[in-house]
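Colleague: Encoded as structure tokens, here's the structure I'll be asking about.
The values are calculated or read from the model by the stated rules, or taken from the named source; none is laboratory data. Since this is a predicted model, take the numbers as computed values, not measurements. Cβ placement follows ideal geometry from the backbone for every residue including glycine, while neighbour counts extend to all protein chains displayed. Ligands, DNA and RNA are stripped out before the accessible areas are found, and what is left, the full protein with its side chains, is counted by its heavy atoms. Shrake-Rupley method; radii C 1.70, N 1.55, O 1.52, S 1.80 Å.
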Amino acid sequence: MPLELVTVPCLKDNYAYLIHDAESGQTALVDVPEVMPILNALEERGWKLGVILLTHHHSDHIQGVPDLVAATGAVVLGARADTTRLPRLDRALAEGDQITVGGETGYVLDVSGHTMGHIAFVFPGSHLAFTADSLMAGGCGRLFEGTPATMWASLSKLAALPGQTLICSGHEYTLSNLRFALTVEPENPALLARMVQVTAARAAEKATVPSLLSEELATNPFLRAGLPQVKAALGMGKASDAEVFAEIRARKDKF
Ligand code: ZN
Ligand code: FE
């Protein structure tokens, strides 16, 4: 049985995610922007939180950790690279390390770029990838600590997952991401169709995450930097994929 996924809106535009294995009753959480929405989501379902998975050290992803640990006794797993800047770490993780939730085994990918030490959690049996501020719906995180080449390498790892993988990202930024994407590929039919969908979802106050990786590959300009038509549109036909990614990221920073 696949893991059950619950998207938990937090703060103004953050998302945390619960995953639950019905057979064993085990529950894990990805990121802790704030405590009450998460406790409410657990209580509504009668779930007991056992594990907290942290993607990176930014406060909007970890600030609820001390209070949530006090309330639930859950253990905290996060990147070894972030050991000194996470509020608590019971197990330090690096790329390739495995995590078990009930009957399902997931693994860690290093997706540095937004921060150095940003990790993603992939549960291939349930087609889930928790990407926070690396790959986002229609976009990617700003490069606070890594170089464009680092982020391009990280996004390329995620892009290689099966197309039916659900990308569970950290923020509701999709509408503004797609507005920018249209400046890169104004005539991409999949992008135009997604813009219509996302506009309607936001008008109805619905979350636009998680999103399918196949949909990201078809519409997200940061995953499409290697494509000849995107390079041509930017007048960068001879540039490397990472150079084109860097140009798209620089344009988005000014958008
Ligand atoms: Zn962040
Ligand atoms: Fe964030």
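Colleague: What residue among Gln26, Val196, Leu11 has its Cα farthest toward the positive end of the dipole of the chain, where the charges are +1 on Lys, Arg and -1 on Asp, Glu, each on the Cβ?
Modeller: Val196
Colleague: With every protein chain kept in the model, how would you rank Leu42, Leu212 by accessible area, 1.4 Å probe, largest at the top?
Modeller: Descending order: Leu212, Leu42.
Colleague: Right, here's the next one. Kindly identify region 120-255 as rounded, prolate or oblate by the Cα gyration tensor criterion: order the square roots of the eigenvalues as a ≥ b ≥ c, call it rounded if a/c is under 1.5, otherwise compare a/b with b/c, prolate if a/b is larger, else oblate.
Modeller: The shape class here is oblate.
Colleague: Taking 8 Å as the Cα distance limit and 6 or more residues as the minimum spacing, I'd like the relative contact order of region 158-250 as a percentage.
Modeller: 32 percent
Colleague: Ordering Asp82, Asp67, Asp97 by accessible area with a probe of 1.4 Å, largest first, what comes out?
Modeller: Sorted descending by solvent-accessible area, the residues read Asp67, Asp97, Asp82.
Colleague: Also, quick follow-up: Specify the residue with the greatest mean-square fluctuation among Pro186, Pro148, Pro124, computed from a Gaussian network of the chain linking alpha-carbon atoms under 10 Å apart.
Modeller: Pro186
Colleague: On to the next question. Indicate the gyration tensor shape class of region 1-144 (rounded, prolate or oblate), computed on the Cα atoms with a ≥ b ≥ c the square roots of the eigenvalues: a/c under 1.5 is rounded; otherwise a/b larger than b/c is prolate and the rest oblate.
Modeller: Since a/c stays below 1.5, the shape of region 1-144 is classed as rounded.
Colleague: Sequence-distant or interchain residues sharing an amide H contact under 5 Å with Ala22, placed H: which?
Modeller: Glu4
Colleague: Further, regarding this structure: Once you list every other residue whose beta carbon is under 11 Å from the beta carbon of Leu109, what net charge do they have if Lys and Arg are +1 and Asp and Glu are -1? Provide the component values of the computation, followed by the final result.
Modeller: Working: positive: Lys157; negative: Glu95, Asp97, Asp110.
It works out to a net charge of -2.
Colleague: Tally the DSSP beta bridges in region 85-209 and give the antiparallel ones as a percent, rounded to 5. Intermediate values should be presented prior to the final figure.
Modeller: Working: 13 of 17 bridges.
Taking every DSSP beta bridge within region 85-209, about 75 percent pair in antiparallel fashion.
Colleague: Same structure, new question: Starting at the first residue of region 172-183, write each ³J(HN,Hα) from the Karplus equation 6.51 cos²θ - 1.76 cosθ + 1.60 with θ = phi - 60°, in whole Hz, x for Gly and Pro.
Modeller: After applying 6.51 cos²θ - 1.76 cosθ + 1.60, I find 8, 10, 4, 4, 5, 4, 6, 4, 5, 4, 5, 6 Hz.
Colleague: Any idea how far the Cα center of region 32-88 sits from the one of region 221-255, in Å?
Modeller: The two parts, judged by their Cα centres, are 36 Å apart.
Colleague: Hey, another quick one. Across the chain, how many lysine pairs separated by 8 or more positions, or lying on different chains, have Cα atoms within less than 29 Å?
Modeller: 16
Colleague: Viscosity 1.002 mPa s, temperature 20 °C: give me the Stokes-Einstein translational D for region 177-228 in µm²/s, with Rh taken as the Kirkwood radius over C-alpha pairs. Don't skip to the end; give the middle numbers.
Modeller: Numbers: Rh = 11.4 Å.
Rounded to a whole number, D works out at 188 µm²/s.
Colleague: Give the long-range amide H neighbours of Ile99: residues separated by 5 or more places, or on another chain, with amide H under 5 Å away, using H modelled in the peptide plane at 1.01 Å from N.
Modeller: For Ile99, whose amide H was placed from the backbone, the distant partners under 5 Å are Gly106, Tyr107.
Colleague: In addition: With a 1.4 Å probe and every protein chain left in place, tell me how much accessible area Val198 has, in Å² to the nearest 10.
Modeller: Number for this one is 10 Å².
Colleague: For the chain, what does the relative contact order come out to in percent, with C-alpha contacts under 8 Å and a separation of six or more?
Modeller: Values: 530 pairs, mean separation 33.7, N = 255.
Relative contact order of the chain: 13 percent.
Colleague: First check a/c for region 41-109, with a ≥ b ≥ c the square roots of the eigenvalues of its C-alpha gyration tensor; if it is under 1.5, answer rounded, and if not, answer prolate when a/b is larger than b/c or oblate otherwise.
Modeller: Verdict is oblate for region 41-109.
Colleague: Order Arg179, Arg91, most accessible first, counting only protein heavy atoms with a 1.4 angstrom probe.
Modeller: Order by accessible area, largest first: Arg179, Arg91.
Colleague: Here's something else I'd like to know. Any idea what the dipole of the chain comes to, in debye rounded to 20, about its Cα centre with Lys/Arg Cβ at +1 and Asp/Glu Cβ at -1?
Modeller: Working: 20 positive and 28 negative charges, 137 e Å.
Its charge dipole is roughly 660 debye.
Colleague: Could you work out the pair-distance distribution P(r) of region 4-254 from its alpha-carbon pairs, with 10 angstrom bin width and percents rounded to whole numbers?
Modeller: Calculated over all Cα pairs of region 4-254, the distribution is 8, 32, 36, 19, 5, 0 percent.
Colleague: Gain in length, Ala71 to Ala207, computed as 0.36 nm per residue apart minus the alpha-carbon separation, to one decimal in nm?
Modeller: In short, 46.3 nm is gained.
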